[in-house]
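Peer 1: This is the structure, below, for whatever I ask next.
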Amino acid sequence: MDRRAFLKSSALFSLVGTLPSCATNPVTGEKDLILLNEDEEAELGRSSHKQIMKMYSSYNNSELLNYVTDLGEKLAAVSHRKELIYHWNVLDSPQVNAFAVPGGYVYITRGMLAYLGSEAELCGVLGHELGHITARHGVKQYSKSQVTNILTTVASILIGNRQLANLSQIASTAILRGFGREAELEADRVGAEYIAKVGYDPDALKNVIGVLKNQEEFDKVLAEEENREPYAYHGVFATHPDNDKRLQEVIKAAKKSVSEVKLDENKKKYLDIIEGVPFGAGEGQGSARGPNFYHTELNFTLKFPDGWKIENLPTAVLGTSKDRNTLIELTMRDLNRKITAKELIGRLYGDTYTNGREINMSEYKGYAANVELDTTFGESHKCRVAILYKNKKEAFQFIATTKDEDYFARNNRLFDETFMSLRKLKDSEKELGQPKRIILYKVEKGDTFKTLSLKTSFSTHAENRLRVINNMFPSGEPTPGSLIKLVY
């Protein structure tokens, strides 16, 4: 055997020696290809948790966290993996999301909590995510990706093609993109069984999926208006739960496991717990109300053009026209040189800028100019930038542009008017910079979602937004005497 062939065979032997064996699935009792033992699974969970908490922060509400934890532990006590220590987390994020990672880590966002309507529905979400852990979906997914890496590396060694090894990354990405419909349905089945054993009606899980499906349907309407792709929770809802035969069978089967001690859905208790939770941006992030944006901590307000959508992002405020073809972005910039705003624009964007002008307002002074930047609309795209000094150490930085450069010049006035609407808050406005929050309202005779929409701080689609967060989309109406969620 020549030296090259020997090295190939040695590599093959060492890599094949690392392939996983079969392990019994705690939920199904069947054999699965599993790469990790339970100790390694726990370590994967710990490292994954550290990465997740770099992307999110915990929602600082001990009462809410204790509530979620208590419910989660009740479900864990009837699960297939009672021996695990579970970690329940409420994330300070407006995203409507819940997920789990191996090793017993379960996460739910305050954005998800805002859309649920009862304790039973919350248990439906927690039970579903617990099902992913007990059925070891994350571990199986990890194992598949590692096997793909191993086998592809072996193949690349044997045929001497280094480029083939890159395919493993593509395959891994495809596998890790989501659990897939079969795993999600299994988590539905297991979650429904758990909440039934605790004493809740398994139909609560169907209600949860209905809430998420309705939100998905509403977002399709918004996406068409805003010329973007719709968002999809987990991307698995092909049909509405009322028409999903497999889901109906799962819930029907779970009803055979219902505890003799049947629990109420606890709608009032749940709503009392989530009252006051921020809806949308959280504490210290400012708040969009109509065409205006208010930020209490930074002490400023700004008016965007009427009809625009305002997105309060973690590091920026983004205003976009209804067709999303024109945008204005506001960020904060730290200053490290004692130079004028005009000089700073020259340092940042070069001296080739055009149409420059001084901005002198009673509260802020700065400079605006046209420059060319790489944007989502293309490279070297025409933009209007402005820098307004907040104080000696900070500045407001605006970047504005439009998709069709032929319309750029006519928008310059609109851009400058927006920049110059920046001002400090009046004492009476400081409360407006606080987060929008969920409030409870007892429906009176004659109330409709259309009339109640006037009591909210939604600037667009207020009526349908109320229907969605109260799970009455697209045409439901509130019942007199019932308790519903408003946002203000």
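The values are calculated or read from the model by the stated rules, or taken from the named source; none is laboratory data. All values reported here derive from a predicted model rather than from experimental measurement. All Cβ positions, even for glycine, are placed from backbone atoms using ideal geometry, and neighbour counts span all protein chains on display.
Every residue, every condition in (1) of a type in the set (Lys, Arg); (2) out of contact with any helix residue (DSSP H, G or I) (no Cβ under 7 Å at 6 or more places or on another chain); (3) not assigned by TED's automatic domain parsing to the domain that holds Asn370, yes or no:
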| site | (1), (2), (3) |
| --- | --- |
| Ser380 | no, yes, no |
| Cys383 | no, yes, no |
| Asn391 | no, yes, no |
| Asp404 | no, yes, no |
| Phe408 | no, yes, no |
| Lys450 | yes, no, yes |
| Phe458 | no, no, yes |
| Glu463 | no, no, yes |
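Peer 1: Please determine, by comparing only the residues of the range 435-453 that are of a type in the set (D, E, K, R) and not in a helix (DSSP H, G or I), which one is nearest to Asp306 (Cα to Cα).
Peer 2: Lys436
Peer 1: What's the total number of residues in the range 84-104 that are buried (at least 24 other Cβ atoms within 10 Å of the Cβ) and in contact (Cβ under 8 Å) with a residue 40 or more places away in the chain?
Peer 2: 3
Peer 1: Just to verify a result, which residue in the range 346-366, among those that are farther than 20 Å from Phe300 by Cβ and under 36 Å from the mean Cα position of the chain (by Cα), is surrounded by the fewest Cβ atoms within 10 Å (Cβ to Cβ)?
Peer 2: Among those that are farther than 20 Å from Phe300 by Cβ and under 36 Å from the mean Cα position of the chain (by Cα), it is Leu348.
Peer 1: How many of the residues in the range 376-430 are among the aliphatic types (A, V, I, L, M) and in contact with a Phe, Trp or Tyr (Cβ under 8 Å, 6 or more places away or on another chain)?
Peer 2: Of the residues in the range 376-430, 8 are among the aliphatic types (A, V, I, L, M) and in contact with a Phe, Trp or Tyr (Cβ under 8 Å, 6 or more places away or on another chain).
Peer 1: Return yes or no: is Leu64 modelled with pLDDT under 90 and not in a loop (DSSP other than H, G, I, E, B)?
Peer 2: Judged against the criteria, Leu64 is not a match.
Peer 1: May I ask you to verify whether Ala369 is more than 25 Å from His295 (Cα to Cα), touching a Gly at 6+ places or on another chain (Cβ under 6 Å), surrounded by 19 or more Cβ atoms within 10 Å (Cβ to Cβ) and not assigned by TED's automatic domain parsing to the domain that holds Ile469?
Peer 2: Considered against the rule, which asks whether it is more than 25 Å from His295 (Cα to Cα), touching a Gly at 6+ places or on another chain (Cβ under 6 Å), surrounded by 19 or more Cβ atoms within 10 Å (Cβ to Cβ) and not assigned by TED's automatic domain parsing to the domain that holds Ile469, Ala369 comes out as yes.
Peer 1: Of all residues in the range 465-488, which are buried (at least 18 other Cβ atoms within 10 Å of the Cβ) and either assigned by TED's automatic domain parsing to the domain that holds Leu212 or closer than 17 Å to Asp272 by Cβ (or both)?
Peer 2: Ile469, Asn470, Ile484, Lys485, Leu486, Val487
Peer 1: Within the range 435-476, track down each residue that is over 29 Å from Phe293 (Cβ atoms) and free of Cβ contacts under 8 Å to residues at least 40 places away in the same chain.
Peer 2: Within the range 435-476, Glu444, Lys445, Gly446, Asp447, Thr448, Met472, Ser475, Gly476 qualify.
Peer 1: Taking the range 93-107 on its own, how many of its residues are assigned to a loop (DSSP other than H, G, I, E, B) and either more than 10 Å from the chain's Cα centre (by Cα) or closer than 21 Å to Glu43 by Cα (or both)?
Peer 2: Adding up the residues that qualify gives 3.
Peer 1: Would you mind stating whether Phe398 is touching a residue at least 12 places away in the same chain (Cβ under 8 Å), touching a Lys or Arg at 6+ places or on another chain (Cβ under 6 Å) and under 19 Å from Ala288 (Cβ atoms)?
Peer 2: So Phe398 fails the test.
Peer 1: Going residue by residue through the range 296-311, is there one that turns out to be in a strand (DSSP E or B), surrounded by 20 or more Cβ atoms within 10 Å (Cβ to Cβ), within 34 Å of the chain's Cα centre (by Cα) and aromatic (Phe, Trp, Tyr)?
Peer 2: Yes, the conditions are met somewhere in the range 296-311.
Peer 1: Here is a list: Val78, Val139. Which entry is out of contact with any Ser or Thr (no Cβ under 8 Å at 6 or more places or on another chain), in the same structural domain as Pro202 (by TED's automatic domain parsing), more than 16 Å from Leu271 (Cα to Cα) and in a loop (DSSP other than H, G, I, E, B)?
Peer 2: Answer to the selection: Val78.
Peer 1: Looking at the range 267-295 only, could you name the residues that are without any contact (Cβ under 8 Å) to a residue 60 or more places away in the chain and assigned to a loop (DSSP other than H, G, I, E, B)?
Peer 2: Gly284
Peer 1: On the basis of being within 28 Å of the chain's Cα centre (by Cα), closer than 16 Å to Leu302 by Cβ, in contact (Cβ under 8 Å) with a residue 60 or more places away in the chain and part of a helix (DSSP H, G or I), does Leu432 make the cut?
Peer 2: yes
Peer 1: Do we have Leu425 as of a type in the set (A, V, I, L, M, F, W, C) and closer than 23 Å to Ser459 by Cβ here?
Peer 2: Yes, satisfied.
Peer 1: So Thr479 fits all but one of (1) more than 17 Å from Tyr294 (Cα to Cα); (2) outside any loop (DSSP other than H, G, I, E, B); what number is the exception?
Peer 2: Only one criterion is unmet by Thr479, namely (2).
Peer 1: Looking at (1) within 23 Å of Ala114 (Cβ to Cβ); (2) at pLDDT 90 or above, can you tell me which one Gly235 breaks?
Peer 2: Failing condition for Gly235: (2).
Peer 1: Cβ-Cβ below 6 Å, separation at least six or inter-chain, first residue in the range 61-83 and surrounded by 12 or more Cβ atoms within 10 Å (Cβ to Cβ), second at pLDDT below 95 and in a loop (DSSP other than H, G, I, E, B): which pairs?
Peer 2: Between residues of the range 61-83 that are surrounded by 12 or more Cβ atoms within 10 Å (Cβ to Cβ) and residues that are at pLDDT below 95 and in a loop (DSSP other than H, G, I, E, B), the close pairs are His80/Pro26; His80/Val27; Arg81/Pro26.
Peer 1: Under the condition of being surrounded by 11 or more Cβ atoms within 10 Å (Cβ to Cβ) and basic (Lys, Arg), which residue from the range 420-434 is nearest to Phe304 (Cα to Cα)?
Peer 2: Arg423
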